[in-house]
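Nothing in this text is a laboratory measurement; each read-out follows from the coordinates by a stated rule. As the structure is a prediction and not an experimental result, all values here were calculated from the model. Cβ: placed from backbone, ideal geometry, glycine included. Neighbour counts: every protein chain shown.
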Amino acid sequence: MRFDILTLFPDLFTGFLSGSLLGAARTNGLIDISVTDIRDHAEGVHRQVDDRPFGGGPGMLLMPGPVVGCVEAVQQQQPNPGHVILLSPSGRRLDQPLVESLAARDRVILVCGRYEGFDARIAPALGAEEISVGDYVLSGGEVAAMVIVDAVSRLVPGVIGDAESARQDSFSGADRLVEGPQYTRPREFRGVPVPDILLCGDHARIASWRRAQSLEATRRREAHAPPVPARTH
Ligand SMILES: C[S@@+](CC[C@H](N)C(=O)[O-])C[C@H]1O[C@@H](n2cnc3c(N)ncnc32)[C@H](O)[C@@H]1O
């Protein structure tokens, strides 16, 4: 799978792309990630990429010319033009089904916004999908792009050693439950013992206990984290 990341701050990705699972996956040729500086596609002595919004308002917007030009240049580097994503708080909220659908693609191009975001003509010009990583505002799309690259890469075959572990993760599988509590040594920590059932050796009973815990954790989570209510005024 190939990711292209388009950003005004390419240095932010250096450590992220070389460490841990992603670094190994790149070395092993399982994923290919390229980072491009949007400013390299801007024109003029000042390589301007942003300008004030028409109609007034605070801050600066990314201009369509440099962003669309950069995406199109990157698309031409490979036969597959890829699926273009603009990172935006107003986009479709990322969840595990969306992560899974992105992992089924061969090429994803992630465009990181900055300042007050993108000129509204950029997404339609590129046929891009807008994705948000949650209902809060980041300073730039770079961290959001890292979230997507990390979550999607885990699902690329071979990236995590044990494919079964990804299938059992929270939000995965047919019922998309969250994981219940897990324990490792010691058997007792600060007076809290590991539940006896996990030590009984009966795999069927353990599986049934884990399923019940998972259902309870999912129910509790949904009770504590209802969707953000819409404001009516
Ligand atoms: C300061 S934000 C712009 C916020 C914009 N003025 C608004 O109110 O929606 C700058 C950039 O950060 C990125 N960003 C911020 N929050 C994000 C989120 N929740 N999900 C994805 N990208 C986000 C986007 O690329 C955005 O263009």
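A straight chain from VAL156 to SER101 at 0.36 nm per residue would run longer than the Cα-Cα distance by 18.7 nm. Label zone (GLN168, point 7 Å along Cα-to-C-beta; backbone nitrogen cut-off 11 Å) within segment 196-215: 207, 210-211. For ILE109, nonlocal amide neighbours, meaning residues 5 or more places apart or on other chains whose placed amide H falls under 5 Å from its own, are ASP4, HIS83, VAL84, ILE85.
Could you tally the net charge around ASP162, taking each other residue with its Cβ under 12 Å from the Cβ of ASP162, Lys/Arg +1 and Asp/Glu -1?
Details: positive: ARG154, ARG167; negative: GLU164, ASP169.
Net charge around ASP162: 0.
Legend: P(r) of segment 97-178 from all alpha carbon pair distances, 10 Å bins from 0, whole percents, reading 14, 42, 30, 12, 1.
Other residues lying with their Cβ under 14 Å from the Cβ of TYR183 contribute a combined charge of +1, Lys and Arg counting +1, Asp and Glu -1.
Summing +1 for each Lys or Arg and -1 for each Asp or Glu among the other residues whose beta-carbon sits under 15 angstrom from that of ILE31 gives +1. Couplings for segment 103-114, taken from phi via the Karplus curve 6.51 cos²θ - 1.76 cosθ + 1.60 with θ = phi - 60°, read 5, 7, 8, 8, 8, 10, 10, 10, 10, 8, x, 8 Hz in order; Gly and Pro are left as x. Calculated mean residue ellipticity, 222 nm, the chain: -10000 deg cm²/dmol, from DSSP H runs (n ≥ 4) at -39500 (n - 2.57) each, averaged per residue and rounded to 500. Stokes-Einstein, applied to the Kirkwood radius of segment 177-224 over Cα pairs at a viscosity of 0.890 mPa s and 25 °C, places its translational diffusion at 208 µm² s⁻¹. Computed from backbone phi, the HN-Hα couplings of segment 208-216 come to 5, 4, 4, 5, 5, 5, 5, 4, 5 Hz, rounded to whole numbers (Karplus: 6.51 cos²θ - 1.76 cosθ + 1.60, θ = phi - 60°; Gly and Pro given as x). Distances between placed amide hydrogens fall under 5 Å for MET63 paired with ASP50, ASP51, all partners being 5 or more residues away or on another chain. Inter-label distance, GLU179 to GLN76: 4.6 nm, where each label sits 7 Å from its Cα along the C-beta direction. Normalised by the number of residues in segment 1-125, the average gap of Cα pairs under 8 Å and 6 or more apart makes the relative contact order 33 percent.
Given a cut-off of under 8 Å on Cα pairs at least six residues apart, what relative contact order in percent is computed for segment 177-224?
Values: 28 pairs, mean separation 27.9, N = 48.
It rounds to 58 percent for segment 177-224.
Extent of the chain along its three principal axes (Cα atoms, max minus min coordinate, largest first): 71, 52, 33 Å. Note on GLN48 and ASP32: the model spin-label points, each 7 Å out from Cα along the C-beta direction, lie 3.7 nm apart.
When only Cα pairs below 8 angstrom with a gap of at least 6 residues are kept, segment 129-233 shows a relative contact order of 19 percent.
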